[in-house]
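Comments concern the structure below.
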Amino acid sequence: MTAPWAYSDQVKEHFLEPRNFLMGDESKFAFNAKGTVGNKVCGDEMIMYLQIKDGVIQDVRWKTYGCASAIASTSALSELIKGKKLDDALKITATEIADHLGGLPKRKFHCSVLGSEALAAAVKDYEGTTDTFCHRKT
């Protein structure tokens, strides 16, 4: 007898069929912004690649090394930001990412925070800013 899936159907779907995932070498995707973040406690790492034109996210690809929640969070975020102006994309909170996924277990919420941090890091890369990143509201 198998144990029941502990996550929402949306998490399962994004984990098993991730959207905008970058397969293979990053040179296969022409990006002009890249953000990398990680969590030393859980070992998750997210890399987000953006194609930005005229302040709008035209396309996005990502790689995530981590659990189902981390992969699903990055996949969901990639859907939420595509076609958005940078300011609007940066307003998407970790809570909104988790809500888009039908919720995450409390102990896995940090995965949605990492997604929003990867986006912020990519935008900072695009803008050429080097400010120290601080956590945003969840």
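The values are calculated or read from the model by the stated rules, or taken from the named source; none is laboratory data. This is a predicted model, so every value here is computed, not measured. We place every Cβ from the backbone using ideal geometry, glycine too, and count neighbours over all the protein chains shown. These area figures cover heavy atoms from the full protein model, side chains too; ligands, DNA and RNA do not enter into them. Shrake-Rupley method; radii C 1.70, N 1.55, O 1.52, S 1.80 Å.
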Among the numbered conditions (1) under 12 Å from the mean Cα position of the chain (by Cα); (2) more than 22 Å from T129 (Cβ to Cβ); (3) open to solvent by 50 Å² or more (accessible area, probe 1.4 Å), tell me where T36 comes up short. (2)
Only unsatisfied item for I57, checking (1) of a type in the set (V, I, T); (2) crowded, with 21+ Cβ neighbours inside 10 Å; (3) under 21 Å from V11 (Cβ atoms), is (3)
Name the residue that is most open to solvent (accessible area, probe 1.4 Å), counting only residues in segment 80-125 that are of a type in the set (V, I, T) and either assigned to a helix (DSSP H, G or I) or on the phi > 0 side of the Ramachandran plot (or both). T95
